[in-house]
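Notes for the one structure printed next.
The values are calculated or read from the model by the stated rules, or taken from the named source; none is laboratory data. The structure displayed is predicted, hence computed values, not measured ones. Positions of Cβ are generated from backbone atoms using ideal geometry, with glycine treated the same way; all protein chains shown enter the neighbour counts. With ligands, DNA and RNA removed, areas are computed over all heavy atoms of the protein, side chains included. Shrake-Rupley method; radii C 1.70, N 1.55, O 1.52, S 1.80 Å.
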Amino acid sequence: MPFNIGLSGLNAAATDLRVTGHNVANAGTVGFKESRAEFGDLFAASYGQISDTISGQGVKVQTIAQQFNQGNISFTQNNLDLAVSGQGFFVVENAQGETQYTRNGQFKVDSNGFIVNNTGDRLQAFDRTSDEYDFANPTFNVGQMNDIQLDPKAFNVAPQATTEIDMQVNLPARADPPINGDDFEFSDDGAEPPRTMPDTDMYNYSTSVTVYDSLGEPRTLTAYFVKPEGAEEGQGEPLTRQVYIGMLGENGMMQQVGETQMTFDENGR
């Protein structure tokens, strides 16, 4: 009998190790929820026996419980990667028409425009009540969930070039004018080696943003901010900054595409 008691402990410990190993193996699995082994002692006694004289019969695994704690939410480059914050599941339907639930939000679009997961199960959602979608007050038909299928027209949208940029920057008011700010130029083919963009002593600050051309191709646009010479208190215009906007051309040289002047009020706005 003592041998069986010790054997039950070994079996329970082995199960606990398997559960831990399973958790470690799925550390990189999106939507995975860890499990834990929960144990209970074996107590055997017949009618009339006194419990404080019974040594017990060992231990057993009562259940392997999944822990639905909130996981970390990370950002990806896929617009269809989704995450559930709090309670809830994504509802999917497999090829056999069976409804299933998952926390894995890695979705993509198949060849027919349906939003599916990695096993081809289609993401389900409630249909909207009207073809005219009201973004302020959306309403849905909660009676039946259906597959989400993107409009085929969405795959043939003509590219549109960027026409407007909303940029917010903080510029230090006490910065000194750059050494060669008056000689600002984007590139120099005659330099050895050719200078493909402005030298750092020509501007105070720069920032970049991605824009799109008429073919839908991404392009990097860079704005350079220059504090003019004499822009100090009591001299010239102390609350202005010259802004030069450039973009890399096909020859790899920075080319000017715009120029403007920023004027600030006495509060720096």
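The table for this structure:
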{"read-out": "Any pair with Cβ under 6 angstrom, 6 or more apart, that starts in region 66-83 at a residue that is open to solvent by 90 Å² or more (accessible area, probe 1.4 Å) and ends at one that is assigned to a loop (DSSP other than H, G, I, E, B) and not hydrophobic (A, V, I, L, M, F, W, C)", "value": "66/33; 68/33"}
{"read-out": "Of all residues making up region 101-122, the number that are farther than 18 Å from residue 26 by Cβ, open to solvent by 70 Å² or more (accessible area, probe 1.4 Å) and outside any loop (DSSP other than H, G, I, E, B)", "value": "2"}
{"read-out": "Single residue of 169, 157 found to be of a type in the set (A, V, I, L, M), modelled with pLDDT under 80 and more than 25 Å from residue 26 (Cβ to Cβ)", "value": "157"}
{"read-out": "Residue tally, condition assigned to a helix (DSSP H, G or I) and not hydrophobic (A, V, I, L, M, F, W, C), over region 1-36", "value": "13"}
{"read-out": "Unique residue being surrounded by 17 or more Cβ atoms within 10 Å (Cβ to Cβ) and touching a residue at least 24 places away in the same chain (Cβ under 8 Å) when the list is 194, 178", "value": "178"}
{"read-out": "Complete set of residues in region 183-209 that are farther than 11 Å from residue 222 by Cα and among the hydroxyl-bearing types (Ser, Thr, Tyr)", "value": "187, 196, 200, 203"}
